[in-house]
Amino acid sequence: MKILLVYYSMYGHMYEMIKAAAEGAKSAGAEVEIKRVPETLSEEVIGKMGALEAQKAQAAVPVCSPDDLAKADGIMFGTPTRFGNMCGQMRQFLDATGGLWASGALVGKVGSVMSSSGTQHGGQESTILSFHITLLHHGMVVAGLPYAFQGQMGVEEVKGSSPYGASTIAGGQGERMPSKVELEAARYQGKYVAELAKKLSAK
């Protein structure tokens with residue numbers, strides 16, 4: 001059973017969430033691989049956005065190709081929010097999966113999404129829900145973050161995550177890294193996806 005985690009992270013927030021999700025999938029006995037989608041911005045632009053150091057920290061992560069998706073039993077996606085939707089880098093990557101759609105290569109595979117945003121109500125849920133549309137067009141079995149993970153409940157602290165998927169709040173300047181409970185949500189979701197993929201592959 002193989003779980004592929006595909007993400008984009010400009011400042012490193014989604015990278016931390018994806019690594020936590022990978023830990024969760026591994027705990028369920030899955031073979032795990034983390035890959036990032038291709039960057040579409042120039043190094044000059046990334047530098048002006050203050051993201052060069054975060055990008056260098058991810059340089060060793062392999063770049064994903066659409067064909068990689070077909071080799072996995074389950075796929076988790078991580079994307080920051082851009083105006084309530086997925087980032088352009090992720091959208092461009094998904095737009096290159098037409099061949100997979102035509103051949104039905106992803107039908108029946110588990111698909112799941114995590115997100116981040118700058119503010120508490122910055123579009124995390126709409127990003128995940130709109131992402132699900134693409135997964136459904138591919139015939140994937142969509143997995144969220146069940147309320148069995150009770151860390152997403154309560155009002156004792158500011159935190160991301162919802163039944164649609166784990167998420168984190170990055171802060172307006174990217175100053176807030178994922179909290180303990182947000183990373184726990186990502187781990188739970190990773191384990192959940194791996195367990196679902198195992199059950200589906202056994203049929």
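Quick notes
- As a proxy for reagent exposure, ranking His137, His13 by other Cβ atoms within 10 Å from fewest up yields His137, His13.
- The lysines within cross-link reach of Lys56, meaning a Cα-to-Cα straight distance under 29 Å and a gap of 8 or more places when in the same chain, are Lys2, Lys19, Lys26, Lys35, Lys48, Lys71, Lys159, Lys180, Lys191.
- For the chain, the mean residue ellipticity at 222 nm estimated from helices alone is -12000 deg cm²/dmol, where every DSSP H run of n ≥ 4 contributes -39500 (n - 2.57) and the total is divided by all residues, rounded to the nearest 500.
- GNM result for the chain, Cα springs below 10 Å: residue of Ser117, Ser161, Ser126 fluctuating most strongly: Ser126
- Calculated FRET efficiency, Ala60 to Ser201, Cβ-Cβ distance, R0 = 22 Å: about 0.15 to the nearest 0.05.
- Rounded Å value of the spacing that divides the Cα centres of segment 164-202 and segment 1-40: 10
- Remark: the Asp95-Ser27 segment gains 21.3 nm on full extension, using 0.36 nm per residue and subtracting the alpha carbon distance.
- Residues in segment 171-186 carry Karplus couplings, in order, of x, x, 10, x, 7, 9, 7, x, 7, 4, 5, 5, 5, 5, 4, 5 Hz; the curve used is 6.51 cos²θ - 1.76 cosθ + 1.60 with θ = phi - 60°, and Gly or Pro positions show x.
Read-outs throughout are calculated quantities, based only on the coordinates presented, and are distinct from any laboratory measurement. Predicted model only: the values in this text are computed from it and were never measured. Virtual Cβ from ideal backbone geometry, glycine too; neighbours counted across all protein chains shown.
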